[in-house]
Amino acid sequence: MDILLIGGLWLDGSAWGRVASELEALGHRPVPLTLPGQGDGSVTATLDDQVAAVLAAVDAAPGKPMVVGHSAACTLAWLAADQRPERLAKLALVGGFPQADGQPYADFFEVREGVMPFPGWGPFEGPDAADLDDEARRELAAAAIPVPSGVVNGVVRLRDERRFDVPVVVVCPEFTPAQAREWIDAGDVPELARAKHVDLADIDSGHWPMVTRPAQLARILAGAADTA
């Protein structure tokens, strides 16, 4: 199965390198995506541009792919389900949840000179970054790509309720499956509260398991694809 891999803020497709190698060994075809504004040199890209790039990858897949979104890009995966519900086999949401209709995509940190740069490790101290050693932190920070304001301040628009029919697995890194279930059941994640098929998978990592637990993450994703 084609497995489309979408990194979160500041990441390009290279972030998935080790996960992609493991997925290939497990019999799948990984497709890491480099999004407009996150690796192509554009500083004027918009959320619509990123959605279009994801949809193009979905449409290019020979069969029904599984779309994997990490962190903020969980919303991009969800937007793909909204616009191509009949074309997706499954969604995997790693370390994040989809924004609701009318919400900004990812206005989490300060925008300066038209982009949102990586804010440093201060906001991520604790479970998010606990498994990153000094070298991994340096490498991630050095590779971080400032994300255009047109992306992070873009407004999420959801239209097709068939998105709730697409099976979802939430991969839980810095939070537990029990916490995720509590948030969903309480209505704190309204989109997933309405989804008809939501599974939860635990992974012992921080917020960037593609860096610290690539083999384990690949096994989880391959297992999800195998049951799609």
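The values are calculated or read from the model by the stated rules, or taken from the named source; none is laboratory data. The structure displayed is predicted, hence computed values, not measured ones. Note that we place each Cβ from the backbone using ideal geometry, even for glycine, and neighbour counts take in every protein chain shown. Protein only, heavy atoms only, side chains kept; ligands, DNA and RNA dropped before computing areas. Shrake-Rupley method; radii C 1.70, N 1.55, O 1.52, S 1.80 Å.
Filter the range 85-127 for residues that are of a type outside the set (Val, Ile, Thr), under 26 Å from ARG219 (Cα atoms) and touching a strand residue (DSSP E or B) at 6+ places or on another chain (Cβ under 9 Å) and give the result.
LEU88, ALA89, LYS90, LEU91, ALA92, LEU93, GLY95, GLY96, PHE97, PRO98
Here is a yes/no grid of residues against (1) in contact with an Asp or Glu (Cβ under 7 Å, 6 or more places away or on another chain); (2) closer than 26 Å to ILE203 by Cβ; (3) of a type outside the set (Gly, Ala, Ser):
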residue: GLU125; (1), (2), (3): no, yes, yes
residue: ASP128; (1), (2), (3): yes, yes, yes
residue: ASP133; (1), (2), (3): no, yes, yes
residue: GLU139; (1), (2), (3): no, yes, yes
residue: PRO146; (1), (2), (3): no, no, yes
residue: VAL151; (1), (2), (3): no, no, yes
residue: VAL155; (1), (2), (3): no, no, yes
residue: GLU161; (1), (2), (3): no, no, yes
residue: VAL166; (1), (2), (3): no, yes, yes
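So PRO148 fits all but one of (1) under 28 Å from THR44 (Cα atoms); (2) within 16 Å of the chain's Cα centre (by Cα); (3) crowded, with 20+ Cβ neighbours inside 10 Å; what number is the exception?
(2)
Sort through VAL58, VAL54, VAL43 and tell me the only one that's touching a residue at least 40 places away in the same chain (Cβ under 8 Å), open to solvent by 50 Å² or more (accessible area, probe 1.4 Å) and among the aliphatic types (A, V, I, L, M).
Result of the check over VAL58, VAL54, VAL43: VAL43.
Within the range 175-228, take every residue that is of a type in the set (Gly, Ala, Ser), open to solvent by 50 Å² or more (accessible area, probe 1.4 Å) and part of a helix (DSSP H, G or I) and give me the one that is nearest to LEU158 (Cα to Cα).
ALA193
Determine if the range 84-97 includes at least one residue that is surrounded by 14 or more Cβ atoms within 10 Å (Cβ to Cβ), among the charged types (D, E, K, R) and farther than 19 Å from TRP16 by Cβ.
Yes - at least one qualifying residue is present in the range 84-97.
Out of the residues in the range 125-145 meeting the condition of being over 17 Å from the mean Cα position of the chain (by Cα), among the hydrophobic types (A, V, I, L, M, F, W, C) and open to solvent by 20 Å² or more (accessible area, probe 1.4 Å), tell me which one is nearest to GLY13 (Cα to Cα).
ALA143
Looking for whichever is in contact with a helix residue (DSSP H, G or I) (Cβ under 9 Å, 6 or more places away or on another chain), within 14 Å of VAL151 (Cβ to Cβ) and open to solvent by less than 10 Å² (accessible area, probe 1.4 Å) here; the options are LEU9, LEU4, LEU79. Which one fits?
None of the others qualify; the one that does is LEU79.
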